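First the structure, in the form of structure tokens, and then the observations on it.
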Amino acid sequence: MTAQADSTVDLFVIGGGINGCGIARDAVGRGLSVELAEMNDLAWATSSASTKLFHGGLRYLEYFEVRLVREALIERETLLRAMPHISWPMRFVLPMHKDMRFDNDTPTSRILSLAMPWMKGRRPSWLIRLGLFMYDNLGGRKILPGTRTVDLKSDEAGKPLKDKFAKAFEYSDCWVEDSRLVVLNARDAEARGATIHTRTKVLSATRTDGLWQIEMEDVETGARRTARAKALVNAGGPWVADVIQGVLKQNSSAGVRLVRGSHIVTKRLFDHDRCYFFQGEDGRIIFAIPYQEDFTLIGTTDQEHTNADEAPACTDEEAQYLCDFASNYFEKPVTMEDIVWRYSGVRPLYDDGASSATAATRDYVLKLDDNGAPVLNVFGGKITTYRKLAEAAMAKIVPFFPEAKAPWTAGVAMPGGDFQVHEVEGKIAALQSRYPFLTPAWAKRLIRAYGTEAEIMLGDAKEAADLGIDFGATLTEAEVRWLMEKEYARAAEDVVWRRTKLGLRLSEAQIEALNAHMQAARQKASA
């Protein structure tokens, strides 16, 4: 189709994951004009397939990545304050036993093997307690409680575990609804003036007359348009190297290491609301986390992934590995029959030459090419440090824009997050009071998804019927309309697996009916 007329912006961002949307939000808030293109749905790949944690990365201390851990620990509370609806504190129980092992690639393991060869790669409890002491104090905690010792013989957390576990350490980290975080960053960026394109693939980007000329294609209609930008950010995630070579047509020595992380979701395995941090005899760790009220999330694996265009999937071998790993701890074995859902994502780590996927750095690396109109290539990163990554990216970009304002995102609430961390229960009760037809679980789900915007979405409804079609599992026509008009959702998959996790509760027939409704609504709107 014929390309539409050109437009010119200060900054063009390729990629609608957490890094791309975080950079777009930061940049537009500094006064730059910003345009972003994502070839699929927002958070379509890595950013919706995480372990859903804002965490410091306790095990990264074994690799001496102290700066990364400290930055992440500080960010936990900064982010928690800005989004108390989609992020909340959680306590993690770390059982102790004599068979805990290091990954042999860690610097700490190598040092201890030399100094204490009789340990044979074991993680001694004093070392873990030292790590947790650092974890408690590196980031200057103000909200989250510190580490305590737990007697598993008397504490509720010990009941689901095997009898051999008598002692544990309990520490703090935070949950985050990862794909909602991406959408809220995009929404806030758009509210501040950015232009967000989803289902829009960047075909080429070339330097022309001191600007970037970017050709895009709507993947659904085939319509093409061209934009011009003074600077470009490549936040392509797993496709960052493909963008460099295929879109920008550049040679670069910087590489990306694709590491697949798979998770399983099972029927609820324990009754309390704390999480478990399990250490394996192979040196790896996994989490077992209460999930969506009625389920348990278990993950993650670390497997090499060779091709970004190959959709990641949790293999039977990975699923069995996670079941077996968890079964080493739980009294009742976790079986493949307990699994109700699996998901997998590809982490685009910077290729630092590490000998294994587990040992590869989780830190981010930013590569600036200013041989002409500047382009910044973004490698790696953790969801916890996305805001700091955006600030670091802007530190490299703002020299080209002297008029750009200072950093501003720390402590600024996300849409719907304009309340205090301790006020969540009050918000849930207030929503149910105003809308008596809401069940407690329904009210909690809405506050946890939309925060103070839940009332805007529900409007003047007096009864459930006022919200239109009931698609099942408390998903209504009013909510779907909100997601389509405000949150870029176009298909049922966007709604039930990214904007919400109601796919765990809806039948295939219900999801198909939802998709048909959404397609009809889109056709009506375009007409």
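The values are calculated or read from the model by the stated rules, or taken from the named source; none is laboratory data. What you see is a predicted model, and the numbers here were worked out from it, not measured in a lab. Cβ placement follows ideal geometry from the backbone for every residue including glycine, while neighbour counts extend to all protein chains displayed. Accessible surface areas use protein heavy atoms only, side chains included; no ligands, DNA or RNA. Shrake-Rupley method; radii C 1.70, N 1.55, O 1.52, S 1.80 Å.
Scan the chain and note any complete DSSP helix (H) whose C-alpha atoms cover at least 30 Å along its axis and whose Kyte-Doolittle average is 0.0 or more. Mind showing how you got there, number by number?
Numbers: long enough: none.
Helices passing the filter in the chain: none found.
Quick one: longest stretch of the chain between exposed loop GluC sites (Glu not before Pro), exposed meaning at most 16 other C-beta atoms within 10 Å and loop per DSSP? Mind showing how you got there, number by number?
Working: sites that count: Glu220, Glu281, Glu293, Glu310, Glu331, Glu403, Glu463.
The longest such stretch corresponds to 1-219.
Mark the label point 7 Å from the Cα of Lys153 along Cα→Cβ and return the residues of segment 328-350 whose backbone N is within less than 19 Å of it.
Counting backbone N atoms under 19 Å from the label point, the list is 331.
Using R₀ = 35 Å, calculate the FRET efficiency as 1/(1 + (r/R₀)^6) where r is the Cβ-Cβ separation of Thr306 and Val66; round to 0.05. Each step should come with its number before you reach the end.
Details: r = 32 Å, r/R0 = 0.91.
The formula returns an efficiency of 0.65 here.
Tell me, in nm to one decimal, what length is gained between Asp218 and Ala521 on full extension, where the rule is 0.36 nm per residue of separation less the Cα-Cα distance?
Details: separation 303, 0.36 × 303 = 109.08 nm, distance 1.89 nm.
Extra length from Asp218 to Ala521 when fully extended: 107.2 nm.
Name the residue farthest towards the positive end of the dipole of the chain from the options Ala464, Ser327, Trp126, assuming +1 on Cβ of Lys and Arg, -1 on Cβ of Asp and Glu, about the Cα centre.
Trp126
Subtract the Cα-Cα distance of Glu337 and Phe437 from 0.36 nm times their separation in residues, and report this length gain in nm to one decimal. Spell out each step's value before the answer.
Values: separation 100, 0.36 × 100 = 36.00 nm, distance 3.59 nm.
Result for the pair: 32.4 nm of gain on full extension.
Using only alpha-carbon positions, what ratio does the radius of gyration of segment 347-495 give when scaled by 2.2 N^0.38 Å? Display every interim value, and only then the final one.
Numbers: Rg = 21.4 Å, N = 149, 2.2 N^0.38 = 14.7 Å.
For segment 347-495, the normalised Cα radius of gyration is 1.46.
For Ser204, what residues show an amide H to amide H distance below 5 Å, using hydrogens built from the backbone and excluding near sequence neighbours?
Counting only residues 5 or more places away or on other chains, the set is Glu215.
Test of understanding: express the Cα radius of gyration of segment 272-407 as a ratio to 2.2 N^0.38 Å, with N the residue count.
On the way: Rg = 19.7 Å, N = 136, 2.2 N^0.38 = 14.2 Å.
Ratio of Rg to 2.2 N^0.38 Å for segment 272-407: 1.38.
With charges set only on the Cβ (+1 for Lys and Arg, -1 for Asp and Glu), what does the dipole of segment 42-82 come to about its Cα centre, in debye to the nearest 20? Numbers along the way, then the final one.
Numbers: 6 positive and 5 negative charges, 20 e Å.
Around 100 debye, computed over segment 42-82.
How large is the helix-only mean residue ellipticity at 222 nm for the chain, computed as the sum of -39500 (n - 2.57) over DSSP H runs with n ≥ 4, divided by its residue count, in deg cm²/dmol to the nearest 500?
-8500 deg cm²/dmol
Once the Cα gyration tensor of segment 202-249 is diagonalised, what are the square roots of 5 times its eigenvalues, in whole Å and ordered largest first, as equivalent ellipsoid semi-axes?
On the way: eigenvalues 57, 51, 14 Å².
Largest first, segment 202-249 gives 17, 16, 8 Å.
When you count, for each residue, the other Cβ atoms within 10 Å and take the mean per peptide, how do 404-412, 20-28 rank with the highest first?
Values: 404-412: 13.6, 20-28: 28.7.
Top of the packing list down: 20-28, 404-412.
Using the Cα centre as the reference, give the magnitude of the dipole from point charges on the C-beta atoms of the chain (Lys, Arg: +1; Asp, Glu: -1; all else neutral), rounded to the nearest 20 debye.
Details: 66 positive and 72 negative charges, 262 e Å.
It works out to roughly 1260 debye.
Translational D (Stokes-Einstein, µm²/s) of segment 441-527 at 10 °C and 1.306 mPa s when Rh comes from the Kirkwood sum over C-alpha pairs? If you can, show how the numbers build up before the last one.
Details: Rh = 13.2 Å.
In µm²/s, the coefficient is 121.
Return one whole number: the accessible area per residue of segment 9-58 in Å², for a 1.4 Å probe. Before the final figure, lay out the partial values.
Numbers: 760 Å² over 50 residues.
Heavy-atom SASA per residue in segment 9-58 reads 15 Å².
Report the full-extension gain for the segment Ala430 to Asp418: residue separation times 0.36 nm, less the Cα-Cα distance, to one decimal in nm. Walk me through the intermediate numbers first.
On the way: separation 12, 0.36 × 12 = 4.32 nm, distance 1.51 nm.
Difference between extended and current length: 2.8 nm.
I need the Kirkwood Rh of the chain: take the reciprocal of the average 1/r across all distinct C-alpha pairs and report it in angstrom. Write down the numbers at each step before the final one.
Values: mean 1/r = 0.0413 Å⁻¹.
Over the chain, the inverse of the mean reciprocal pair distance is 24.2 Å.
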